[in-house]
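First up is the structure itself, then whatever we jot down about it.
The values are calculated or read from the model by the stated rules, or taken from the named source; none is laboratory data. Just so we're clear, the structure is a prediction, and the values are computed from it rather than from any experiment. Note that each Cβ is placed from the backbone with ideal geometry, even for glycine, and that neighbours are counted across all protein chains shown. Side chains are part of the model used for accessible areas, which takes the heavy atoms of the whole protein and leaves out ligands, DNA and RNA. Shrake-Rupley method; radii C 1.70, N 1.55, O 1.52, S 1.80 Å.
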Amino acid sequence: MLQEQSLANLAITIIGAGFGGLATGIELALRGANVNIFESYPDTKKQGDVIQIPANATRLMSKWGNMLQEITNLSACPDTMTISDQNGKILLNQQLHTSFDGYPNLYSHRGSVQQQMLEYATSLGVEIHFGTPVTEISESDDAATVIAGGKAWKSDGIIAADGVRSQSRCHILGLDDKAKKSGFAVYRSWFSLDLLGQDPLTAAITTSEKDLFKIWIAKDTHAILTTNKAANAATCFVTHKDLSDISEDWHVKGKVDDMLACVQGWDEQLRHIIQKITPDCLIDHKLLWRDPVPKWASDGGRICIVGDAAHPHLATSGTGAAQAIEDGACIATLLQKTCHKGDIPFAFRAYQRLRYERTSLTQRMGWETRHVWHQTDWEAVAANPSMLKFPQPEWLLGSDASEYAEKNFEAVKAHLEKGSAFTSTNVPSGHAHKDWTIDEMLSHEGKFVSTEFYQTRE
C-alpha cells in the first residue's frame, strides 16, 4: 500500500543496506523521498541463518506490497518453545504467540528476507550502491554530504545504519565509541533438515508436523535448535563464553569439534544434531554491543543513526531486527509530519526521544533473558518453571511505531520546543526509565541477582 507522496522533494542518503537501512529506505520511498543507500559489501550474499521478525515488525511490513506474504510463505512460526536442562530434561513448554493483533511472529532466513527487502526497495526507486563504502560524512546548515567511491554525494540528510561498529555514531558522539565485547560468542549454523533424517536420535525432528523451537540451558552456555518446515531447514546455535580479542574478525569460521566441546556431556540428541553440521555453514560469531546512549542525532541535526548503530541488541532479545524496522517507520512518519527540509533536525531529535527509552529496555531484555538462562537458580525453577520464559509482552509485540510517532507528534514537539513533560508509552505501563551500562550488566555475570533487578521479565 503506497503512502501519500508527501516527501517527493526530500533527498536522503542512507549508509548500510542491512535491515535498518533497507527498512528506512522503503519507508521513505513509500512516501516519495529520493533515497540513495551506500553499502560497503559487494552484495547481500553474506552468511545468514534465522532472524526473528515479530508482530511489531510484521505489522509495519504489511504495508510493503506483497512482501510480508512472500516472507511468511518461507518462514517458520513455532507455537511452543521447549526449554530443557543440559541433559535434555524438559523444564518448560512455553506457548508462543504465533501472531499478535493478526500479525505473524516469524522466524525467517536472514539472507532471504534481506534480499526480498532489497528487491522491494529497488522497485520503489531506491538506488543501492554496493561495494561503495562511505569514507567521510559532513553537514552544513542546509545539507549533508558523504564521500563514497571517491565522489561527494549531497542530500538533505544522512541516516546511518552502519551496524554495531558504526563510525557514524563516533561522528555524532564526538568520541571514539568502540563496540564492546559482551563476553560471549555464538556458534551459528543453517543447514538442510535432510541431514538429520538418517540418525535415530534426530530423525523425529525431520518428521515433526510443526516447526520446532528447542533450548538447552546450563551455566554460561545455552543451545538452540529451530526448524523451518517451509524451507526444509534447521538452525543450531551454541552461545558460549568468549575470551578472544575484540580486534579479531567478529565472523570467523566455526569448527564442529569446538562447538561440541562447549556441550560436552550434554543431551545426546543435541550433540548428534551438531555432529551433522557441515563446516561450510558454521560460524563463530562474536557478540558485540554498545552502551545505550540518548544522542542519536548530530549537533548540526542532519545526521542520525538507526538500528545496531544506535542500539545493538543481543540475539536473546529476539527483537533487534524489529527495532531497526521500527526506527525506519518512526523517522519516515516524523519527516512526513514535518513536511519541510528545514525540519529534518527536529524530526531526527523527535525520533530519538520517541525511541530511546524503548530500545534501551529491549537491549537490556536480551541480557536479562540470557542471564536467567545462564545463571539458573534451579530451586527457583523447580518451584516456578515459568521464570525461564522468553518475553513476549504486549508492550513490545502490540506496538505500531508509525502510529506511535503520528499520535505523539504534537506532544514530543512541545517537549522539545517548550520543555513540556513527555512520558513514553511504548514501554511497560508504569515503567520508570533508568540509564544503564554494559559494565554494570557484566558485573553481574556469574552471579544470581534479585528478581527486582530485572526490568523486562514478565
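The angle separating the long axis of helix 19-30 from the principal Cα axis of greatest extent in the chain is about 40 degrees. For the chain, the per residue solvent-accessible surface stands at 40 Å², with DNA, RNA and ligands left out and a 1.4 Å probe.
In straight-distance terms, cross-link reach from LYS210 covers every one of the aspartates and glutamates whose alpha-carbon lies under 17 Å from its own, apart from those fewer than eight places away in the same chain; here that gives ASP79, ASP194. The residues ARG110, ARG188, sorted by heavy-atom accessible surface at 1.4 Å with ligands and nucleic acids left out, run ARG110, ARG188 from largest to smallest. With 22 Å as the limit, the listed pairs LYS89/LYS286; LYS89/LYS181; LYS219/LYS447; LYS337/LYS418 have LYS89/LYS286; LYS89/LYS181 beyond it between alpha carbons. For the residue pairs LYS241/LYS434; LYS295/LYS413; LYS407/LYS434, the C-alpha atoms sit more than 22 angstrom apart in LYS241/LYS434; LYS407/LYS434. Just the protein heavy atoms count here, and of the accessible area of the stretch 181-289 at 1.4 Å, carbon and sulfur take up 53 percent.
What separates the Cα centres of the stretch 271-297 and the stretch 7-83 is a distance of 20 Å. Ordering ASN105, GLN86, ALA144 by Cα displacement along the dipole of the stretch 86-147 toward the positive end leaves GLN86 in first place; charges were set at the Cβ atoms of Lys, Arg (+1) and Asp, Glu (-1).
The coefficient of translational diffusion for the chain, derived via Stokes-Einstein from the alpha carbon Kirkwood radius under 20 °C and 1.002 mPa s, stands at 95 µm²/s.
Summing charges over neighbours of MET259, with a neighbour being any other residue whose Cβ is under 12 Å away from its Cβ, gives +2 when K and R count +1 and D and E count -1. Computed with a 1.4 Å probe on the full set of protein chains, the accessible area for SER192 sits at about 40 Å².
Accessible area per residue was computed with a 1.4 Å probe on protein heavy atoms; HIS313 scores about 30 Å². The value obtained for the stretch 1-110, namely the Cα convex hull volume divided by the number of residues, is 130 Å³ per residue.
Under the convention that each Lys and Arg Cβ holds +1 and each Asp and Glu Cβ holds -1, the size of the dipole of the chain around its Cα centre is about 140 debye.
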